[in-house]
Amino acid sequence: MVGDGALRALPLDGAGGRRGTNLPAMGDFNQSVILEAVRRAPQGLSRVELAEATGLSAQTVSNISRRLLDADLISEAGKEVSGPGKPRTILRLNPGGRFALGAHLDPTVTTVVLLDLAGSVIARERIGTPLQQRPDEVIDAIAATAERLLIDSGIDRSRLAGLGVAAPGPIDPVAGALVGPPNLQGWHRVAVRDELRLRSGMEVVVDKDVTAAAVAEKWAAASGAGSGSFVFLYVGTGIGAGIVVDGEVVRGSADNAGEVGHIVVDPGGPECTCGSRGCVAVTCTPEALVREWWGLGGRSADRGATDTEAIDGAFTLLAAEAGSGDPLAVLVLERAAMRFARLLAVMTNLLDVDRVVLGGPFLTPISALMMSTVPVELEGLRAARGIHPLGVGTSALGDDVAAIGAAALILDRTLSPQTRSLMLPAILA
Ligand SMILES: [Zn+2]
């Protein structure tokens, strides 16, 4: 391990904006600090404003701006007259300066997107990935789809930063492999990263879907919304959390942070495989909610089914019935909202974040009901409620949040300031 001296010496301000360092040999870090400052200011910034915002010297800002202009990552966007002296040139992000592909691997459908530097989706395609399909067939399909999106968009390949993959956890970051994903049979220890590199010739990274969702929120959500510290509660086939503290994604020592499935949120709830009762995994997942609904007499043609597609269909029906006011469906989802609030209380009390974002494909159909209950319940359980407010909202990125996040993983890794790059500058080399 490296000592944390460099980390302590790093000047960071309290508002979430990054400060640069004028120490020598920190060029890469400063470059990403400046790029992030420009990215967070859609109206653009002058070099003088950049120096003020980052704490870097005028000379450093000037040199780095030149490098970013030469790399087409930013562009000059007119001049601004402010007071005496010559007009200032405004620098803006160049959305077409870099692109990234992202693929979200999910039990029934895989989504592939092409993202620009501003985090906008340029192209998108969904491919069916039925459970009986072999991993190598799915990997072939992802590589072919990624290639097609790139060619159809007409983008110069030299502007592509790579392909990110978001997959259900846990993952082995060294092997770039999935490790026993509960809902993806046959995917244990499949080296997704290397196989995709081989087929596509692209730089590939693999991360957990919940982490990717948090990175999406950080990169692609409306400017400023993704800054600061937040927890992203991801409601997919499973439930997980992505964590961002001071603008940086918290991955843990082996990229598997955010496994919240065995936090107890309903002590009187059903038994879990871990030996406890009422864990998130057996009380909050779409399957758990559908089973609870069925147990109380909820109707469904697929009642008692166990396969993913039938559960998906039943969950959609449950959400629709709750939306039209069916008392039983509303009861089931209100109970779920209470449990989500308890889970979020544990996380927000532990991490003292300033925001909570709810998202993921199964959150979309129940978001109105969740938002009418979770914020109020959570507030009552929060240790810091008398000290600072906590924002609770839903992700604006919708069902594609993990695919967008997969692409954003590539942009985040290559272009965001990371304190670990200060400790281990060789990572960026
Ligand atoms: Zn458990």
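The values are calculated or read from the model by the stated rules, or taken from the named source; none is laboratory data. What you see is a predicted model; the values in this text were computed from it and never measured. Virtual Cβ from ideal backbone geometry, glycine too; neighbours counted across all protein chains shown. For accessibility, only protein heavy atoms count, side chains too; no ligands or nucleic acids. Shrake-Rupley method; radii C 1.70, N 1.55, O 1.52, S 1.80 Å.
May I ask you to list the trypsin sites (Lys or Arg not before Pro) in the stretch 138-199 that are in a DSSP loop and have at most 15 other Cβ atoms within 10 Å of their Cβ? Please report the intermediate quantities before stating the final value.
Values: sites: 148, 157, 159, 189, 193, 197, 199; in loops: 189.
Qualifying residues, ordered by number: 189.
Counting only protein heavy atoms and a 1.4 Å probe, tell me what percentage of the chain's accessible area is made up of carbon and sulfur. Spell out each step's value before the answer.
Numbers: 9810 of 18260 Å².
Within the chain, the accessible surface is 54 percent carbon and sulfur.
Extension gain for residue 271-residue 371 works out to 33.2 nm (0.36 nm per residue, less the C-alpha to C-alpha distance). Averaged per residue, the stretch 226-395 has 41 square angstrom of accessible surface, using a 1.4 angstrom probe with ligands and nucleic acids left out. Under a 5 Å amide H cut-off, with hydrogens placed 1.01 Å from N, residue 235 pairs with 359, 360, 362, 363 among residues at least 5 apart or on other chains.
Derived scalar couplings between HN and Hα for the stretch 31-37 equal 4, 6, 5, 5, 4, 5, 4 Hz in order, rounded to whole Hz, by the Karplus curve 6.51 cos²θ - 1.76 cosθ + 1.60 (θ = phi - 60°), x for Gly and Pro. Counting only lysines at least 8 places from residue 208 when in the same chain, those with an alpha carbon closer than 20 Å to its own are 218. Taking 330, 174, 356 in turn, the Gaussian network model of the chain (Cα-Cα springs below 10 Å) assigns the largest fluctuation to 174.
Based on a Kirkwood Rh over C-alpha pairs, give the Stokes-Einstein translational diffusion coefficient of the chain at 20 °C and viscosity 1.002 mPa s in µm²/s.
Values: Rh = 22.8 Å.
This corresponds to a translational diffusion coefficient of 94 µm²/s.
Considering only the other residues whose Cβ falls under 12 Å of the Cβ of residue 196, what net charge follows from Lys and Arg at +1 and Asp and Glu at -1?
Values: positive: 193, 197, 199; negative: 136, 140, 147, 194, 195, 203.
My count for the surroundings of residue 196 gives -3.
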